[in-house]
Structures are given as structure tokens and as C-alpha cells.
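Below is one structure; the comments refer to it alone.
The values are calculated or read from the model by the stated rules, or taken from the named source; none is laboratory data. What you see is a predicted model, and the numbers here were worked out from it, not measured in a lab. Methodologically, a virtual Cβ is constructed for each residue, glycine included, from the backbone with ideal geometry; neighbour enumeration extends over all protein chains shown.
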Amino acid sequence: MNEHDQYMADFMTVFQGLERWGPGCDTDTLKALSMLPTIPTKILDVGCSKGFSTRLLAQHTQAQIVALDNEQSALDELGACLTELGLDAHVTLSCASMTDLPFAPERFDCIWSEAAVYIMGVEQALTQWRKLLTDSGFMVISDLIWLTDNLSQEAVAFWEGEYPDMQTIEKRLGQMRQADFDVIDHFTLSEQAWHYYYQPLKARVAEVKASMPNSNAIADIEREIAIYEGYLGEFGYHMFVLRKGA
């Protein structure tokens, strides 16, 4: 196994044992849904991982939902959960890349993506995903943003390496309007959204670290946890609720 493959294997050893693969909570997802002026009927959930948002959208709308992720194991877990909840008739699972979505133009009236859009970049997603929306369709995305101008060197150095396109709220809003989206509303995710992600992650790292003491993946995850514990408030996840313009 080469170095990259070993890194990814270690990374998945940690994350396969977790429910959430990014910050988020039910309250924030439902808050964003409540901001939509009409309830969508055809939703694409991009980068759904194990499907917390998918399940909520299926429970709180009558929409037909496509849940998309490129990790089949996460989709398998989501599928089993949906069947157990009796929601499987509402949701189609799709294993594909968010950068090459296999759908016809104007297929959906809402595209949803929590804690995943950074993978391809916000501006690219706005341009590419827009084509899949019906006229006046909605896009709801959460993105990691800077919350202050008074930034610590440690936080800047870390996120410049992990997410060099990280921006302020105003910069993102400008990009969204430039891409012909109307901004319906936006808000910063609660501290609880981070707690639900990082507390289980920290516990999982402690659980597996002894079995992989020299893992680069473990070291990187521990650095991220330290940045979260030391500097949350300088940065955060922000939810943007958008409507496709004319």
C-alpha cells in the first residue's frame, strides 16, 4: 500500500465509525428548510455522506430526493436507515462525483449540500449546479467562512493549507449574486453543530490512535481538532439559502 492509500485507509478507519462526517445539526437544517418560500418537490442532496440532511428532508417534505455521495459505504448505511424508517420510497441513492453530476438540466427544484461544497469550490458549484435547477429553484449550501477580521496566525495557517478558498460572508454573498442567485437568507451554524461533529471525532481518534501511532491521518485530524478547540469563533460554517435568478 503506498503512502496515499495508507493515509486514506487510516482516515476511513476513523470516519467509518462516526455518524457525522462534518459539522451540522437537525435544528440548523430545519431552520434553513423553513426559510424556503415554497416546499420543494425534487431535491438533490449533494455530498450527503450518511444522510442526516437527507433523512430530515424526507421526513419534513413530500419531495422525491436523490442522495448523492462518492462513498458507497456511506450510501449503504443511509439506505439501511431509510428502509428502517420507512422513507426509502422517497429517496434514490446515487454514487457519483459532485463535479460530474449525472443529471439532465432543470431536473431539480432544490439542490442541498451541507459541509461538502468546499470539495469542488463554491464558485464552481454555483455555476455547474445552477444548470440542474428549474427556474426559480433553490440552492441551500453550508460553507466554512471567516467570521472576523482579527484572525490568529495559527488559524490562518491551518485553513490556508486545508481550504485556501475560505472567504468572509460578504465575499461569498457577492459571488452568489454574481452567479445570478438571489439570497433569500443566511445564518451561521450553531456551536452545537460543531459539538455534534467534533466530540465523537475526538473520542474516535482516542479509541483508534494506539493501533496506528504513526498515522499521518491521525496527526492531521488532531491538528484540526486543536484548531477547532482553540479558535472557533474566528471561523464557522455558514448556511446560505439561495434562489436561482432569471
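Annotations for the structure displayed:
- Selected residue (criterion: nearest to the chain's Cα centre (by Cα)) from residues of the stretch 1-37 that are more than 23 Å from H238 (Cβ to Cβ) and outside any helix (DSSP H, G or I): Q16
Results for (1) within 24 Å of H195 (Cα to Cα); (2) in contact (Cβ under 8 Å) with a residue 12 or more places away in the chain; (3) surrounded by fewer than 21 Cβ atoms within 10 Å (Cβ to Cβ); (4) in contact with a Cys (Cβ under 8 Å, 6 or more places away or on another chain), shown as yes or no for each residue.
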| residue | (1), (2), (3), (4) |
| --- | --- |
| T29 | yes, yes, no, no |
| P37 | no, yes, yes, no |
| C48 | yes, yes, no, no |
| G51 | yes, yes, no, yes |
| L57 | yes, yes, no, no |
| I65 | no, yes, no, no |
| C81 | yes, yes, yes, no |
| E84 | no, no, yes, no |
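- Subset of the stretch 189-246 that is under 17 Å from the mean Cα position of the chain (by Cα) and among the acidic types (D, E) - its residue that is farthest from I141 (Cα to Cα): E224
- Failed criterion for A193 (all others in (1) modelled with pLDDT of 95 or more; (2) touching a strand residue (DSSP E or B) at 6+ places or on another chain (Cβ under 7 Å); (3) in a helix (DSSP H, G or I) hold): (1)
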